[in-house]
């Protein structure tokens, strides 16, 4: 409970600051093509960083939990050495391949703003190294149930994005947001590095006997799972660039309305639930673990449906209140409100599929979540291309319905195999 409350505080702080960041972006850029050049770069990099961070946390918290003392320290040091090289390679690949990546991520963007989108992507790619390395330290802190240093990752990103935009706007223009975001990721790495290593006796640690191939293979299931969910929104954003200037930016503004309640529902619950489910599994109390998962899923479902209904009902006055300043005009409010009508319901399916999937990962049952995670993007691509509509109200409908379909598939698969899992446990 204490861990969950700490994470809730961090998530709330980060998302309050996130509203400030998005409001500042809206004021400076509005819903014009310049805003698209930032959205099509920052959105995918946010997704990539989330995939990397969550994959590391959910793959290695159980592994670190199973060790103790010097063996845990040795494993942590080996994880850090290997994964830093992996994250550096990923960042280098994004920097080199940025022009080709951007043609896939934003095929319909105004050609005049294509170079700006490529540069933003290259600047933001440096945050992947810091985010990934920080995730290794977060995994160690979660193992020790030390949630405070890890809880304010999003807050650091948003604070420094705001500082970067305000201080560097006249000098760098739209690139100021990317520079601030990247600086925030490195500051958060410094925080968790100090917290994780302050009481760590690295000198007395023996060499870890776990092979590097096993380390790289461990998060593979979660990487595939998270990539499937991430591609759902990435495809929607790419399709939105064909719908006219500013629609991709409008989609990213809407993601703030989805992302805040999603983060509040999923992050604190799943991150504090993971060690508990892993503990119950290690004690062979699988039936108790499923009872805990069921209660949590029911609670999240009630909160998600209520929050979604409230957000849809009051979307226009809320968008006007938070964002309608500077270059974000009344027309921008109408566009974002229309896009949110289709994208807003994604909160329900997204939160439910995340809670159930992460719980099954903690029980070492990765296949149902991996299969279910690719249902949304397949459904989304099929429905979107069949409708072939550039109406703002329909841009996000495929993503929302796809997530509900993915959760339905996961629910059916999970309950069909539950008795066998309990017997095996």
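Bear in mind these aren't lab numbers, they're just calculated from the coordinates by the rules spelled out. No experiment lies behind these values; they were computed from the predicted model shown. Cβ coordinates were reconstructed from backbone atoms using ideal geometry, including for glycine residues, and neighbour counts include every protein chain displayed.
Fully extending the segment from residue 382 to residue 331, taken as 0.36 nm per residue of separation minus the present Cα-Cα distance, adds 15.3 nm. Note on residue 295 and residue 103: their simple-model spin labels are 5.5 nm apart, each label 7 Å out from Cα toward Cβ.
Applying 1/(1 + (r/R0)^6) with R0 = 25 Å to the Cβ-Cβ distance of residue 89 and residue 67, what FRET efficiency is obtained, to the nearest 0.05? Before the final figure, lay out the partial values.
On the way: r = 27 Å, r/R0 = 1.06.
FRET efficiency, residue 89 to residue 67: 0.40.
Per the Cauchy relation, a quarter of the hull surface: what is the mean projected area of the convex hull of the alpha carbons in region 150-193, in nm²? Kindly include the intermediate steps, with their values, before the conclusion.
Working: hull surface 10.2 nm².
Average of the hull's projected areas for region 150-193 equals 2.6 nm².
Among 390, 153, 181, the residue with the largest mean-square fluctuation in a Gaussian network model of the chain, with springs joining Cα atoms closer than 10 Å, is 390.
Based only on Cα atoms, what mean projected area does the convex hull of region 379-425 have, in nm²?
Numbers: hull surface 15.3 nm².
The Cα convex hull of region 379-425, projected and averaged over all directions, gives 3.8 nm².
With neighbours defined as other Cβ atoms within 10 Å of a residue's Cβ, the residues 386, 367, 421 order from fewest to most as 386, 367, 421.
Comparing region 308-425 with the 2.2 N^0.38 Å rule of thumb, its C-alpha radius of gyration ratio is 1.34 (two decimals).
Quick one: length gained pulling residue 27 to residue 220 fully straight, 0.36 nm per residue minus the C-alpha distance?
Details: separation 193, 0.36 × 193 = 69.48 nm, distance 4.01 nm.
Contour length minus Cα-Cα distance gives 65.5 nm.
Spacing of the modelled spin labels on residue 213 and residue 145, each 7 Å from Cα toward Cβ, amounts to 3.8 nm.
Over all distinct Cα pairs, what is the inverse of the mean 1/r for the chain, reported as the Kirkwood hydrodynamic radius in Å? Before the final figure, lay out each step's value.
On the way: mean 1/r = 0.0458 Å⁻¹.
Kirkwood radius, the chain: 21.8 Å.
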